[in-house]
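One structure below.
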Amino acid sequence: MKKIVMSAALLALLTAPAMAADYTTFTLSTVANASPAKTWAKIGSFCAIHDWLGTTCETTGNDVGSIRKLNNGAVTEMMVAKTPFSYTYIQPLNPSNLYHGTLQVEPAGAGKSRITYTFLYDAEPLGDDAARAKARQGRTDRFNQALAKMKEMAEAP
């Protein structure tokens, strides 16, 4: 079933009508006073987004090909890559606004870890420059709050 969903998502992207795109990326990060292993154990599950972003989450697993549904099914995301301390996902059912996110934890000195969230998305469907800036600021604010919560969770005993 996972292969069918992934194939359908890829086919939709490859056969979608050509349209203008404005791919945008940005990265947010924070440093936690906890080792990468401890940090990842507290924040790295594919459905831990429930704890640090305050959304509902249901998932089919915690590996590549897993699907998570957020906000009572309003948003569907598929994990497309994973390492011991990271994962990347795509929103495959949203071909009009290509969106990827990566959550990563890496060493940041003795007993510390850097938590990084990287975004890649198509800003073209968001409208004019003012609408794009507003959407980016909203995403920045929301995920800076999520990073603060992840730091808090990582540093908790």
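The values are calculated or read from the model by the stated rules, or taken from the named source; none is laboratory data. Bear in mind that the values here come from a model prediction, so they are computed numbers and not experimental data. Note that we place each Cβ from the backbone using ideal geometry, even for glycine, and neighbour counts take in every protein chain shown.
Figure legend. Inter-residue proximity from segment 133-154: first residues touching a residue at least 60 places away in the same chain (Cβ under 8 Å) and at negative phi, second residues surrounded by 13 or more Cβ atoms within 10 Å (Cβ to Cβ) and among the hydroxyl-bearing types (Ser, Thr, Tyr), beta-carbon distance below 6 Å, spacing 6+ or different chains. Indicated pairs: PHE143/TYR117; LEU147/THR30; LYS151/THR30; ALA154/THR39. For segment 101-157, the set of residues classified as among the β-branched types (Val, Ile, Thr) and under 18 Å from PRO84 (Cα atoms) consists of THR102, VAL105, ILE115, THR116, THR118, listed by residue number. Scanning segment 57-68 for residues that are in a loop (DSSP other than H, G, I, E, B) and either modelled with pLDDT under 95 or crowded, with 16+ Cβ neighbours inside 10 Å (or both) gives THR60, GLY61, ASN62, SER66. From the list ALA37, ALA48, the lone residue that is out of contact with any helix residue (DSSP H, G or I) (no Cβ under 7 Å at 6 or more places or on another chain), closer than 20 Å to ALA156 by Cα and buried (at least 17 other Cβ atoms within 10 Å of the Cβ) is ALA48.
Of all positions in segment 76-88, at least one carries a residue that is charged (D, E, K, R), buried (at least 18 other Cβ atoms within 10 Å of the Cβ) and over 16 Å from LEU28 (Cβ atoms).
Considering only residues in segment 83-114 that are at pLDDT 90 or above and among the hydroxyl-bearing types (Ser, Thr, Tyr), the one that is farthest from the chain's Cα centre (by Cα) turns out to be SER113.
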